[in-house]
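The values are calculated or read from the model by the stated rules, or taken from the named source; none is laboratory data. Only a predicted model underlies this, so the values are computations on that prediction, with no experimental measurement involved. Neighbour counts run over all protein chains shown; Cβ positions are idealised from the backbone, glycine included. Just so you know, the surface numbers come from the protein's heavy atoms only, side chains and all, with ligands and any DNA or RNA stripped out. Shrake-Rupley method; radii C 1.70, N 1.55, O 1.52, S 1.80 Å.
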Amino acid sequence: MDIIHLLPDSVANQIAAGEVIQRPASCIKELVENSLDAGATTIQVLVREAGKTLVQVIDDGKGMSETDVRMAFERHATSKISDAADLFALTTMGFRGEALAAICAVAQVEVTTRRAEDEVGSLLEINGSEVARQEICQCPVGTNIRVKNLFFNTPARRKYLKPNRTELRNILMEFYRVVLVNPQVAFTLVSDDEVLLDLPKGTHKQRIEQVFGKSQRNQFSAGLVEIHSDTDIVSIRGFVGKPEFAGKNPQQYFFVNNRFMRHPYFHKAVMTAYQGMLQPDHEPSYFIYFDISPESIDVNIHPTKTEIKFAEEQTIWQILQATVREALGKFHVAPSIDFDTPLTTLDLPQVTVDPGKVQQPRVAFNPNYNPFEQSTYSHSAPQKTAIQNWDKFYNDLRSATDDLPVPEDVHPLQVSGRYIAVPVNDGLMLVDQHRAHMTVLFAQLEKQMLEGHALRQQLLFPEVLELSADDMQLMRQLQDQLLDVGFELEQLSSTAYAINSTPALLGSDAPQRCLLDILTSVKQTGVSAKTEWNRQIALTMARDVALSYGKILSEPEMQDLLKQLFALPVYTKTPDGKTVLTNLTNAEIEKRL
Ligand code: ADP
Ligand code: MG
């Protein structure tokens, strides 16, 4: 006798339901997404006993016809895609046609729905996949779904549900993920007759404040900095928390194409942008919205997965990190400078006022320009280097920086071989020379690594670098990246490398020390991502090469350094988070005198 047979739909649906509907929160997520897909502008969610006895979603969307509402509860029934190609151009939240089938397999469901063009609506009752009742009814345009006694027919699953407190927290979590990215829709969430959230339509910022403004100790309205950047690959916008509002309970959200996502790697990019600004164990809140062409991300096929793969992950990592860093930098300089007073000849920080004026670091965009070749900072050992067209570099540097808005007649003064003092509109600006130079070098090195061009100096007599076995191993992995910045290495033996060329900016400094420093800092990060390695290489080199304290600078050298510094999008903090400059205001000076 044959023993294989097809499972009845009700059983198949119950099994499938386990995938999609694990708890009341997932039920709410699916229903609210359906309402959004139906074009609703007002969505009400009501729950009883944390959704265990009732989840109800009422929307003013387009509603369903009498036949469609019946169809909607069949498995793989969807109005949103018709063939596989549609999968790659999704504009809706749902597309699998599973949610309603899953919900009605494990609950008692009652729907009323009406389309604008219909006189009367339909009412449908389904218990555990069995249609109990369908009739016409009077109801408003839109859809009203009541899901009662979730898992009534699967006691094991019902028992598995957590206490109401926990399930309610899960519901709120799912709810936040939806409402934060749909501020154009009004939402309410009512739990056992208590209004938990009442969110009118508004902007993204207003929605964040509506949701978190009251409940959090954080002052969300004052504590957020706007970020945005548009590139060919991705557009990023949103808000990040000011460092001083960071805490142990941050709200951190990424969305891509209007969908919540989790992304530990991008999280790291954001955290890197904050490096040095946070107390230990404190993290900032952020709400970051990515827009990207759907072909360059992996469609989130699995119903409950929130991880998403990006084709150009590393590049986006860089863009994200730079975007956040820039926003934080702008905000950091802002409070200390008086923007509204008119320019005087010595109004140096005015350059930061108009973001349109402070162009991207043009200096670094010039492919022929190598910042490290200006002998002004490191005119060490030219006899050893092979730089033929120094004049060209110098001229490129001139033209690249000429239109940067640092007045020529600013006369900086060096103090204690450490600081550059500049009279400004509202007092005196003090710039740390080592940190300023390091910040400039870092930005240029990062750029070089992205673009893969660096000026090398060929060594007449290769230097030898002896390494331990594990360092040999690591060096092998770093070799390509080191070449990008100008270190050309060749393995000599199982314990040594020959250094054939070094980055021009290193001058006559011993290359061994810098390479060993790089190995150490790469090891210390413990992160084996290429972008993080690049960052560590650039950081270490910038730190090693930057002007040391005690180095006496001429006026043109100081002017050049300031020009390059203020051409950067972020110049108030070093890449590892130290303060580059500070303002001594007239008011403060007055207090002392
Ligand atoms: P999916 O959303 O993946 O298409 P669902 O099972 O969630 O699958 O829904 C099935 C279909 O039911 C949807 O494609 C849609 O046509 C219809 N539908 C569900 N909810 C609503 C709603 N609130 N308003 C209008 N139509 C809806
Ligand atoms: Mg759906």
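Descriptive notes on the structure:
- Taking the listed residues Q559, Q564, Q536, the one that is without any contact (Cβ under 8 Å) to a residue 60 or more places away in the chain and either within 27 Å of H453 (Cα to Cα) or over 30 Å from the mean Cα position of the chain (by Cα) (or both) is Q536, with no other qualifying.
- R513 being touching a strand residue (DSSP E or B) at 6+ places or on another chain (Cβ under 9 Å) and open to solvent by 10 Å² or more (accessible area, probe 1.4 Å): no
- Any hit, region 158-170, residues being modelled with pLDDT of 90 or more, surrounded by 13 or more Cβ atoms within 10 Å (Cβ to Cβ), in contact with a strand residue (DSSP E or B) (Cβ under 8 Å, 6 or more places away or on another chain) and under 23 Å from F290 (Cα atoms): no
- Options D484, D560, D576, D544: the member that is open to solvent by less than 50 Å² (accessible area, probe 1.4 Å), in a helix (DSSP H, G or I) and touching a Gly at 6+ places or on another chain (Cβ under 6 Å): D484
- Single condition Q184 does not satisfy, out of (1) modelled with pLDDT of 95 or more; (2) surrounded by 13 or more Cβ atoms within 10 Å (Cβ to Cβ): (2)
- Some residue of region 75-96 being more than 9 Å from ligand 1 (Cβ to nearest atom) and at pLDDT 80 or above: no
- Taking region 223-257 as the range and being closer than 16 Å to L320 by Cα, out of contact with any helix residue (DSSP H, G or I) (no Cβ under 9 Å at 6 or more places or on another chain) and open to solvent by 50 Å² or more (accessible area, probe 1.4 Å) as the test, the residues that pass are D230, D232.
- With respect to the conditions (1) at pLDDT below 85; (2) under 26 Å from R158 (Cα atoms), Q108 lacks only one, and its number is (1).
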